[in-house]
Amino acid sequence: KSRKSDLIVSEKLDRQINNIILEFMQRSKLSRNGYINRRKILLEGLPGTGKTLTASVLATELKLPLYIVQTDKLISKYMTKLRQIFDAISQDIGIYFFDEFDSIGAERSSDNDVKEMHRVLNLFLQFIEQDTSDSIIIAATNSGRLLDQALFRRFDDVLRFDLPSSNEIKKLFELKLNKFMSSKTINQEIIDLAVGLCHADIAKACENAIK
């Protein structure tokens, strides 16, 4: 039920999200002209900066179901589960959100690498490259530096989420408090106090203030 108006992000991120929405809606026209809409997306950024909300917003705006794949809880049986998930991606159009993608996407040459993760990651790379469905595949990571560089080439777009700027903080306060407090309440002092907090922390503070 999240709307795009609920999402406070930078102008660059806003344009990228709009492009994903527009290209999906015009995917048939793009296909007729030999192009593919952006549908394999990597979200990178600190916790609480809007990655999960963005997946929810895309699902709402495109009127698609949102399926969340909790990769950290599927590692032990992932070899068979991964194939089932990509079968579902092909058969049932939707938004498929691979949360905490770091658990399978870590650099293959890292010291703590294990053979099983090698196989899982290689299989994921193979599946995502072969996938030609209409579903949108989204992977979220808290740190792109941990990911295998081969992954980035498989995604159509990378959306990088940062802590909110002062202007975004002001908009977030206005969005969360507009029904309960005067806009005059949101002064520069309060904005300055919120600098360095993530979107989720600011939203929680607003909820506490309202209560």
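The values are calculated or read from the model by the stated rules, or taken from the named source; none is laboratory data. Keep in mind it's a predicted model, so treat the numbers as computed, not measured. Here the Cβ is made from the backbone with ideal geometry for all residues, glycine too, and neighbour counts use every protein chain on show. All accessible areas refer to the heavy atoms of the entire protein, side chains included, with ligands and DNA or RNA removed. Shrake-Rupley method; radii C 1.70, N 1.55, O 1.52, S 1.80 Å.
Of the listed residues Lys179, Lys171, Lys40, the order by accessible area with a 1.4 Å probe, largest first, is Lys179, Lys171, Lys40. Distant-in-sequence amide contacts of Val69, defined by a placed amide H-H separation under 5 Å and a gap of 5 or more residues or a different chain, comprise Phe97, Phe98, Asp99. Remark: segment 163-179, residue by residue, has Karplus-estimated 3J(HN,Hα) of 4, x, 6, 4, 5, 5, 4, 4, 5, 5, 4, 5, 5, 7, 10, 4, 8 Hz, where x stands for each Gly or Pro and the curve is 6.51 cos²θ - 1.76 cosθ + 1.60 at θ = phi - 60°.
Of the chymotrypsin sites (Phe, Trp or Tyr not before Pro) found in segment 146-209, those in coil by DSSP whose Cβ has at most 15 other Cβ atoms within 10 Å are Phe180.
Residue-normalised convex hull volume from the C-alpha trace of segment 163-206: 58 Å³ per residue. Could you tell me which of the pairs Lys179/Lys204; Lys12/Lys179; Lys1/Lys51; Lys1/Lys179; Lys4/Lys171 are separated by over 21 angstrom between their Cα atoms in the structure shown? From Lys179/Lys204; Lys12/Lys179; Lys1/Lys51; Lys1/Lys179; Lys4/Lys171, over 21 Å: Lys12/Lys179.
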